[in-house]
Amino acid sequence: MKNFLILLSAGLLAFSPMLAFGFSDANFGLSCSKDLTPFQQDVGGGLQQWGYRDSNGNTVIEPQFDAAKVFCNGLAAVQTDTGWGYINKFGKVVIDANYIEASPFSNGYAAVKASSGWNYVDTKGVLLCSTPFIGAGFFSEHLAPVQLLDANSNIVAGYISETGCRVAVAAAYQDAYPFYEGVAAVLQNGKWGYVDSTGSLVIGARFDSPAYFDNGRARVQVADKFGIVDKTGKEIISIVFSEIGGFDPNDIALVRLNQKYGLIKSNGTYVIAPQFDSVREFTDEKGKIQPISGFRVGDRWAFIRRATGAYLINQMFDSLGEFSLDAIPVAYYTANHLPYSSCSANWTYRYGGVLRSGCTDPDNNRSLRWGYLFTNGAWLSPRYVSASSFVMNPTYGRPTANVSFLNYSQGKFGTSCWLFSGVIDQSGKLLSSDEPVTGYPQVAPSDCW
């Protein structure tokens with residue numbers, strides 16, 4: 001059986017053989033903390049050790065472990081020279097490091113591997129089951145998928161209860177995923193279906209990949225096509241698409257059909273029929289899909305309100321940056337001369353109406369100018385030579401971005417246009433710059449480009 005992965009706050013971490021990818025912490029009952037995160041540090045002699053920092057970057061638990069995982073249910077799995085064990089948020093060892101592998105706690109139990117196989121421990125280190133398993137997954141909704149050998153030495157999967165390690169669903173499947181919303185994906189004769197907590201097969205095994213239900217819906221795959229079914233197995237969105245994204249808060253998802261992208265409602269009707277060449281979907285730091293998406297037609301990008309299919313702004317762009325804090329850097333080409341990032345010169349000027357120095361994009365003498373577009377439709381029109389994504393800046397107590405821009409001054413040789421670097425807030429206000437700037441922004445297009 002292949003090893004599955006689960007995405008936790010510290011990144012992609014491999015655990016026991018039966019962990020499904022695509023489930024969030026909340027799906028599994030994984031109460032995982034982001035207050036303390038693992039970090040690695042050289043402690044001397046080239047030795048790298050792991051410790052924990054708080055959200056302000058302060059070291060709370062000194063680097064002392066060979067490996068470290070995130071805190072879930074108040075405990076974190078750590079590895080020492082004797083094996084894997086668990087610590088609390090004070091760094092105290094609460095379960096001795098005697099295990100070959102250790103997974104996060106969920107619903108009060110964690111899967112651990114010893115030389116005899118997989119078992120479960122509670123937060124005091126007491127083993128749940130008297131007989132170990134070949135594989136053990138997370139507890140979710142009081143049940144956990146496990147693997148064992150049948151009478152013919154075949155690996156089979158079923159479910160146990162957290163109450164006395166009781167068998168809740170007989171081990172009759174080739175593979176099994178954790179429960180969510182009352183059902184779980186199981187593999188039978190090479191196809192995936194769904195069982196309820198009594199072991200009844202509520203959706204017959206006919207799909208080619210597993211998925212979990214979210215708000216009563218699951219994305220399923222048949223051959224190379226995807227669709228959405230409800231808990232009866234009825235197709236809500238036909239299984240005809242090459243790709244289906246996650247649903248946003250308005251129950252709208254991206255779809256791809258015949259190499260074109262569009263937007264579809266959860267009832268199967270289109271907001272926008274597939275017609276775009278490419279797409280950029282934006283999420284916040286919690287993974288929430290944002291109300292706008294970028295769609296590419298040819299070489300240019302437009303932004304569309306997902307709920308209505310209407311354009312966010314009547315402007316197309318040639319390049320996009322990375323979305324952060326409700327804003328995305330956007331740029332379009334100008335037909336005029338601006339400093340070009342690959343050139344050695346970092347300034348240009350006009351004297352007597354003639355461009356005297358500087359460099360341009362070798363492709364048709366064009367240059368990108370950068371600005372920012374916000375999810376509410378507001379924007380800072382492109383005026384910057386370069387622009388980073390916004391980040392929360394503790395110095396200013398608000399989001400800021402690093403930009404470079406042109407500003408000019410008058411001298412005896414004419415108008416000189418200089419390239420400055422600075423920090424702006426989301427209103428476009430210049431908060432600081434590498435050199436004093438008067439009258440920002442003071443660039444006159446007729447003088448500088």
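The values are calculated or read from the model by the stated rules, or taken from the named source; none is laboratory data. Model, not experiment: these values are computed from the prediction. Don't worry about glycine lacking a Cβ; one is built from the backbone with ideal geometry, like all the others, and counts go over all protein chains shown.
Structural remarks
- The set of residues from region 128-181 being small (Gly, Ala, Ser), more than 20 Å from residue 192 (Cβ to Cβ) and assigned to a loop (DSSP other than H, G, I, E, B) comprises 130, 151, 153, 164.
- Tally of residues being touching a Ser or Thr at 6+ places or on another chain (Cβ under 7 Å) and of a type in the set (Phe, Trp, Tyr) across region 367-394: 3
Table: residues versus (1) at pLDDT 95 or above; (2) touching a Cys at 6+ places or on another chain (Cβ under 7 Å); (3) of a type outside the set (Lys, Arg); (4) surrounded by 15 or more Cβ atoms within 10 Å (Cβ to Cβ).
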{"site": "164", "(1), (2), (3), (4)": "no, no, yes, no"}
{"site": "180", "(1), (2), (3), (4)": "no, no, yes, yes"}
{"site": "184", "(1), (2), (3), (4)": "yes, no, yes, yes"}
{"site": "187", "(1), (2), (3), (4)": "yes, no, yes, yes"}
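- Flag for residue 202 being buried (at least 18 other Cβ atoms within 10 Å of the Cβ) and either over 30 Å from the mean Cα position of the chain (by Cα) or assigned to a strand (DSSP E or B) (or both): no
- Candidate set: region 272-305, residues that are within 21 Å of the chain's Cα centre (by Cα) and among the acidic types (Asp, Glu); chosen: the one modelled with the highest pLDDT: 281
- Hey, residue 67 under 30 Å from the mean Cα position of the chain (by Cα) and surrounded by 22 or more Cβ atoms within 10 Å (Cβ to Cβ) or not: no
- Qualifying residue in region 171-184 (condition: among the polar types (S, T, N, Q) and out of contact with any strand residue (DSSP E or B) (no Cβ under 6 Å at 6 or more places or on another chain)): no
- Enumeration of residues in region 73-96 that are farther than 19 Å from residue 40 by Cα, buried (at least 16 other Cβ atoms within 10 Å of the Cβ) and touching a residue at least 40 places away in the same chain (Cβ under 8 Å): 73
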